[in-house]
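Written out below as structure tokens is the structure these notes cover.
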Amino acid sequence: MRRLLAVVAAGLLLVIALAGCKSLPSELSAGPTAKAKAHTTATAKSHKAKAKKPPAATHPATATAATGGSGTLRVLVEPAAGVGAIDKLITGAKSTVDLTMYELRDTTAEDDLAADAKRGVDVRVILDAHLEKSRNTATYDFLSGHRVHVTWADSGVTYHQKTLTVDGKTSVVMTLNMVSEDYAGTRDFAIIDTRPADIKAIVATFNADFAHRSVTPPDGADLVWSPTNSQSSILAVINGAKQTLSVENEEMGDPTITAALVAAAKRGVDVKVVMTAESEWDSAFGQLTRAGAHVRLYADSDKVLYIHAKAVDADAGRSDQDLFVGSENFSKASLDYNRELGLRTTNSAVISTISATLASDYAGAKPYSAS
């Protein structure tokens, strides 16, 4: 997850599209390890992920943008907040725990899930198998050996979603993977959501995904799902901005999103983009800066903050403020093909916190300069 692998096998002729996070698997369909000796000894380095590009597809004609909602939401800003609040939800579960996770390599969380199952909580976990099976296998084997109902997500689809639901009452919609080695140095957000409409939609989708049934995820109050309404929802936030736009993402590989940010800058919106440097996005950065957008970057180094968050903040502090935050990266794979979950909200407290974080990150980064 954390860093891009330096070696790519020579002669590889697969056409690939960025799948949405930072883990390039050594294999796409790894089988189980010979023995899961231990969920406690996973030491694989994290790095950036790419996926095979699926056959040509388009956004569903019926996709509509999630409307900005407000309500019972609370934001955790990582790494400062830590994952204690998430751990507390898991250990405090009374009846059910549902977890969909792209990467799960956190022995505290794994032990807590196992302890829940041992005391009779119905614990269900979906792990990505398309890109992260080899990295998730030790966790899968540990959980399945400790009474947890764990299943691999459909292998033909990248499950980049990161969502926890406890007792059918509280969901945590995250930009972060539950990988303990990444917590300390990575910018991420987690939204704790108790809106009944959202929880009902998340649980319904989880039930279908866990049973490997086809589903069109319900929108709930303000949910942003891939591959249904994510691009339209993110575009609605960008296109609706009147004065300011602040953006963080791990990728800048979707031409439609880039074009919308360019158009916003050209119509006079103060567009600020903060990311971790990656030469693959230089073309998009060039388009943005030529249009008048302000792009600032952090070096891809363990010594500085890694921008893994995915957020678009429009007109913070104004009456028409709007925010997207979720697991979706700005790539065609993430928006068109993956299972992803985010939300769109006008909640003042959430926007104020995320806006201040984006501003601080922007101040600490260096302006992009074409080499």
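Data for the structure
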{"item": "Members of the stretch 188-240 that are within 20 Å of M178 (Cα to Cα) and more than 17 Å from the chain's Cα centre (by Cα)", "result": "V203, D209, F210"}
{"item": "Residues of the stretch 287-312 satisfying the condition of being within 16 Å of K242 (Cα to Cα) and either of a type in the set (V, I, T) or at pLDDT below 95 (or both)", "result": "V312"}
{"item": "Every residue from the stretch 117-142 that is crowded, with 23+ Cβ neighbours inside 10 Å, aliphatic (A, V, I, L, M) and more than 26 Å from V215 (Cα to Cα)", "result": "A138"}
{"item": "Scan of the stretch 150-178 for residues that are farther than 20 Å from A311 by Cα, buried (at least 22 other Cβ atoms within 10 Å of the Cβ) and touching a residue at least 40 places away in the same chain (Cβ under 8 Å), ordered by number", "result": "A153, T158, T165, V166"}
{"item": "Residue within the stretch 226-234 that is out of contact with any Ser or Thr (no Cβ under 6 Å at 6 or more places or on another chain), outside the structural domain of L99 (by TED's automatic domain parsing), under 23 Å from D315 (Cα atoms) and without any contact (Cβ under 8 Å) to a residue 40 or more places away in the chain present", "result": "no"}
{"item": "Complete set of residues in the stretch 93-105 that are over 16 Å from A190 (Cβ atoms) and in a loop (DSSP other than H, G, I, E, B)", "result": "A93, K94, S95"}
{"item": "Members of the stretch 347-371 found to be surrounded by fewer than 19 Cβ atoms within 10 Å (Cβ to Cβ) and outside any helix (DSSP H, G or I), listed by number", "result": "K366, P367, S369, A370, S371"}
{"item": "Identity of the residue in the stretch 263-303, within 22 Å of R318 (Cα to Cα) and without any contact (Cβ under 8 Å) to a residue 24 or more places away in the chain, that ends up surrounded by the fewest Cβ atoms within 10 Å (Cβ to Cβ)", "result": "G268"}
{"item": "Selection count where residues are part of a helix (DSSP H, G or I) and surrounded by fewer than 21 Cβ atoms within 10 Å (Cβ to Cβ), scope the stretch 69-88", "result": "4"}
{"item": "Failed criterion for Q231 (all others in (1) touching a strand residue (DSSP E or B) at 6+ places or on another chain (Cβ under 8 Å); (2) surrounded by 22 or more Cβ atoms within 10 Å (Cβ to Cβ) hold)", "result": "(1)"}
{"item": "Only listed residue being over 22 Å from S355 (Cβ atoms), modelled with pLDDT of 95 or more and in contact with a Ser or Thr (Cβ under 8 Å, 6 or more places away or on another chain), chosen from A277, A284", "result": "A284"}
{"item": "Inter-residue pairs, beta-carbon under 8 Å, first over 15 Å from Y102 (Cβ atoms) and in the stretch 331-358, second of a type in the set (G, A, S) and assigned to a helix (DSSP H, G or I), 6+ apart", "result": "L335/S230; R344/S233; R344/A236"}
{"item": "Positions within the stretch 335-355 being over 26 Å from T256 (Cα atoms) and small (G, A, S), in sequence order", "result": "S348, A349, S352"}
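The values are calculated or read from the model by the stated rules, or taken from the named source; none is laboratory data. Values in this document were obtained by computation on a predicted structure and should not be read as measured data. Glycine also receives a Cβ, built like all others from the backbone with ideal geometry; neighbour counts cover every protein chain displayed.
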